[in-house]
């Protein structure tokens, strides 16, 4: 099973990508940070510590791993790339982009993927950088996933689906074959998207919805069948 990708390449070309010599610093200590920590622990990846913008959390711990300081603390950021890898565990898309750009500009590196050991990824699926893929997620044959996406528990991505960068997909959602989900889209929990639909950039789909037709850029829909919310 493949765990971390450092380029957008087919999964079957990656050879034991969790066999890393460097520990990981997790940027963010809320939201997906806790399950991301569990993913790295379960794959025997050493986590050096976490960074978070909330000063109240500094000096505390999650599962015995310390929250060391802020996400822009140069004293810790300078370790990334030289002595550690990094993973951005932030749910908010705007802030996640900011931290990814910070790493690219200051450290000249991309975050690694966090992939649960009980996720299934087809041998010819492809992944970018910095994706969070939780337990029981399925990425089907020929699926193409960009970078910095979040796949919550039990999401099913069928064959030949394309997921662009910074997409978030809720727990238990089913995305059927040949769907295209454009950059920054948000798909709530328990959603079903029928085959061949295109979800526009920045579109939002409410929890439990059934999407049977394509969505425009920044469109928000909800219901069964999903209809536009004004």
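FYI, it's all coordinate maths here, none of it is from the lab. All of these numbers come straight from a predicted model, not from anything done at the bench. In this analysis, Cβ positions are derived from the backbone assuming ideal geometry, glycine residues included, and neighbour counts consider all displayed protein chains.
Across the range 36-86, Cα-Cα pairs more than 13 Å apart make up 59 percent of the total. Each part reduced to its alpha carbon centroid, the range 101-116 and the range 124-195 end up 20 Å apart. Potential lengthening of the chain between residue 135 and residue 120 amounts to 4.5 nm, from the contour at 0.36 nm per residue minus the alpha-carbon distance.
The ellipsoid equivalent to the alpha-carbon distribution of the range 113-225 has semi-axes of 20, 13, 13 angstrom, derived from the gyration tensor eigenvalues as √(5λ) and listed largest first. Label positions at residue 82 and residue 60, each projected 7 Å from the Cα along the C-beta direction, are separated by 3.1 nm.
Of all DSSP bridge pairs formed entirely within the chain, close to 15 percent run antiparallel.
The order of 48, 120, going from fewest to most other C-beta atoms within 10 Å of their C-beta, is 120, 48. Pairwise alpha-carbon distances in the chain exceed 23 Å for 45% of all pairs. Straightening the chain between residue 228 and residue 41 buys 63.2 nm, computed as 0.36 nm per residue apart minus the Cα-Cα spacing.
For the range 16-112, what is Rg from Cα atoms divided by 2.2 N^0.38 Å, rounded to two decimals?
Rg over 2.2 N^0.38 Å, computed on Cα atoms: 0.98.
Only Cα pairs under 8 Å and 6+ residues apart enter the sum, and on that basis the relative contact order of the chain stands at 13 percent.
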